[in-house]
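Here is the structure we will look at.
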Amino acid sequence: MNNILLIGRSPEWLSDFEKASKLFEEYSVMAIGGNCLYEDYIDFLATYHERDILLYQPKRRLKKLNTDYKVIHHEKRENVDIIIPYKPPSGSSALLGSLASIKLGYDKIVLCGCPLEGKNEKKSSYSIFWKGWKANFEEVKDKVRSMSGWTKELLGEPTGQWISQY
């Protein structure tokens, strides 16, 4: 089975990750956005923001963390390895990462710290991204689960039954 944990930036990211990581013997890791606080090996960075691509690698290099990850973005840019074209409405970088994970062949995709609730650092509500998730629901519903928040309400949490299904 091919599993991946997507790690966002919400305050519960660490507790979400700790619970989710116990569900699988093996998994890949994807950082969601350049402000992801996870400080271990990552396989991917998914972001809609070009500045994240430019700033994230030097930040990881300074901390002596791996920088050999693949970058997922919605447009062809320098340093972008995987392109998932933008299709409105946006569902945030978490949806971008989920769609990329499906394209890459992952069977079980778990969101950690991606509740899409509250407001971001610019005081914009994360609820603006709900339309994107609803528009892509049929594509993600069988493969993506979430550990917290609105995305958990929409997609459900990872259960033993879901994990054992192929």
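The values are calculated or read from the model by the stated rules, or taken from the named source; none is laboratory data. This is a predicted model, so every value here is computed, not measured. Don't worry about glycine lacking a Cβ; one is built from the backbone with ideal geometry, like all the others, and counts go over all protein chains shown. For the accessible areas, the whole protein counts, side chains as well, though only heavy atoms, and no ligand, DNA or RNA atoms are used. Shrake-Rupley method; radii C 1.70, N 1.55, O 1.52, S 1.80 Å.
The heavy atoms of Asp142 present about 100 square angstrom of accessible area, all protein chains included, probe 1.4 Å.
Cross-link pairs exceeding 19 Å in C-alpha to C-alpha distance, out of Lys63/Lys119; Lys108/Lys152; Lys64/Lys119; Lys19/Lys152; Lys131/Lys152; Lys70/Lys103, comprise Lys63/Lys119; Lys64/Lys119. Computed over every Cα-Cα pair of the range 26-87 and binned at 5 Å starting from 0, the pair-distance distribution P(r) comes out as 4, 19, 34, 24, 13, 5, 1, 0 percent. The GluC sites (Glu not before Pro) found in the range 1-109 that occupy coil by DSSP, while having at most 13 further C-beta atoms within 10 Å, are Glu25, Glu26, Glu39, Glu75, Glu78. For the range 53-135, applying the loop criterion from DSSP together with a ceiling of 16 other beta carbons within 10 Å to the trypsin sites (Lys or Arg not before Pro) yields Lys63, Lys64, Lys76, Arg77, Lys122, Lys123. When the P(r) of the range 73-166 is calculated, the portion above 21 Å amounts to 32% of the C-alpha pairs. Accessible area per residue for the chain is 53 Å², calculated with a 1.4 Å probe on protein heavy atoms, without ligands, DNA or RNA. The alpha-carbon atoms of the chain define a convex hull whose volume equals 107 cubic angstrom per residue. Taking every DSSP bridge with both residues inside the chain, close to 5 percent are antiparallel.
Dividing the helix sum by the residues of the chain, where each DSSP H run of 4 or more adds -39500 (n - 2.57), gives a mean residue ellipticity at 222 nm of -9000 deg cm²/dmol. Between Ser164 and Asp43, the FRET efficiency estimated from the beta carbon spacing at R0 = 25 angstrom works out to 0.60.
Only protein atoms count toward the accessible area here, which uses a 1.4 Å probe; on the chain, the carbon and sulfur part of that area reaches 50 percent.
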